[in-house]
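Taking it in order: structure first as structure tokens, then the write-up.
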Amino acid sequence: MSSEATEETEATEATKSAPSSPDEMGVFGTFALFELGASWAELNGASRRVGAREPLEVIAAHTERVAVDGYLTVGLTERSHFLLRLHARQPEQSQAVIADLLRTRPGRHLTVRHTLTGVTRPLVYASQAPDQLQALQATEYAGGLPPRYAVVIPTRKSAAWWNLPEAKRLALMREHTAVGIEYLAKVKRRLYHATGLADADFVTWFETDDLAAFSALVARLRALREDTYNERLGAPTILGTARTLDELFTELAH
Ligand code: HEM
């Protein structure tokens, strides 16, 4: 086999299986926010209950390539009912799940209100701050049970940020990380790089049981010099509650 053919086989193999964890690098996270139209509620209860199983079947059909998590957002994030977080080695694999979902019976009543895609990457700044890196790695989420709430905050930084000398960015990110570390036991976090993939440079993802602490954390980060380089923070901020997919689609059938 030629080396080209070998590379091709390796690339195909690499896109085959769903990432076991977003801790892996090069994992694409796609975040899709859906609103269920009023026409769905007008169907009779039996049709809704039967129809609501179809998304589960569609997601199960992709399970080997795409890991999907569900969050109920109705009442917490305007113009939406639920959020799906999809992890795959290629965004087209997540796209296929969403396209199939929209072809299901409830799918015909769904509007995609917002989508974001980002990719996990090795640390840029923390790897250059060994003391902070150690604290980041050593501090575990102390909640025990999986956190109830998820928050997605897309952010975009200004050209002035990207043009700062690296040492200056590193110093400003040290301040960010120092504040963040204080909240690590209460807040789980995940960073996806989105420059060129969405109208954001980052998709930041958080899970917590303590939204008051989370809000205090964001307020403290907003008071830092680094925040003056944020052109976008949220817009939208997406807040939801964790559900299994089964729970999510059962609730939507009611
Ligand atoms: C649990 C609290 C938090 C901790 C421990 C934390 C820690 C960190 C660390 C270590 C980095 C640098 C990653 C790298 O080295 O590449 C980072 C980047 C970032 N964090 Fe946080 N953070 C926290 C909360 C937040 C919150 C609440 C937001 C937004 C509302 C946020 C937004 C960001 C963004 C946008 C970046 C990328 C910055 C850039 O590369 O220019 N973080 N965070």
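The values are calculated or read from the model by the stated rules, or taken from the named source; none is laboratory data. Keep in mind that what you see is a predicted model, and the values were worked out from it rather than measured. Neighbour counts run over all protein chains shown; Cβ positions are idealised from the backbone, glycine included.
Answer with yes or no whether E64 is exposed (fewer than 12 other Cβ atoms within 10 Å of the Cβ), modelled with pLDDT under 95 and at negative phi.
Working: exposed (fewer than 12 other Cβ atoms within 10 Å of the Cβ): yes; modelled with pLDDT under 95: no; at negative phi: yes.
So E64 fails the test.
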Condition met for A99 (over 27 Å from V151 (Cβ atoms), in the same structural domain as P22 (by TED's automatic domain parsing), out of contact with any Phe, Trp or Tyr (no Cβ under 7 Å at 6 or more places or on another chain) and at pLDDT 95 or above): no
Filtered residues of segment 196-212 (kept if buried (at least 17 other Cβ atoms within 10 Å of the Cβ) and closer than 17 Å to W162 by Cβ): L197, A198, A200, D201, F202
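Is it fair to say P146 is in contact with a strand residue (DSSP E or B) (Cβ under 8 Å, 6 or more places away or on another chain) and in a loop (DSSP other than H, G, I, E, B)?
On the way: in contact with a strand residue (DSSP E or B) (Cβ under 8 Å, 6 or more places away or on another chain): yes; in a loop (DSSP other than H, G, I, E, B): yes.
Answer is yes for this residue.
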Number of the exception - E35 against (1) surrounded by 17 or more Cβ atoms within 10 Å (Cβ to Cβ); (2) assigned to a helix (DSSP H, G or I): (2)
Selection count, segment 118-134, where residues are in contact with a helix residue (DSSP H, G or I) (Cβ under 8 Å, 6 or more places away or on another chain), more than 13 Å from H176 (Cβ to Cβ) and more than 7 Å from the ligand (Cβ to nearest atom): 2
Spans of strands (runs of 3 or more DSSP E) in segment 149-254 with at least 3 residues touching a Phe, Trp or Tyr at 6+ places or on another chain (Cβ under 8 Å), under 23 Å from T115 (Cα atoms) and within 10 Å of the ligand (Cβ to nearest atom): 149-157, 187-198, 200-208
Residue that is farthest from the ligand (Cβ to nearest atom) [pool: residues in segment 102-111 that are out of contact with any Phe, Trp or Tyr (no Cβ under 6 Å at 6 or more places or on another chain) and more than 11 Å from P55 (Cα to Cα)]: R108
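Residues in segment 44-61 that are of a type in the set (A, V, I, L, M, F, W, C), modelled with pLDDT of 95 or more and surrounded by 13 or more Cβ atoms within 10 Å (Cβ to Cβ): how many? Break it down stepwise before answering.
Step one: of segment 44-61, the residues of a type in the set (A, V, I, L, M, F, W, C) are 46, 50, 52, 56, 58-61.
Pick out the ones that are also modelled with pLDDT of 95 or more and you get 56, 58-61.
The next check asks that each one be surrounded by 13 or more Cβ atoms within 10 Å (Cβ to Cβ); those that pass are 56, 58-59, 61.
Final tally of qualifying residues: 4.
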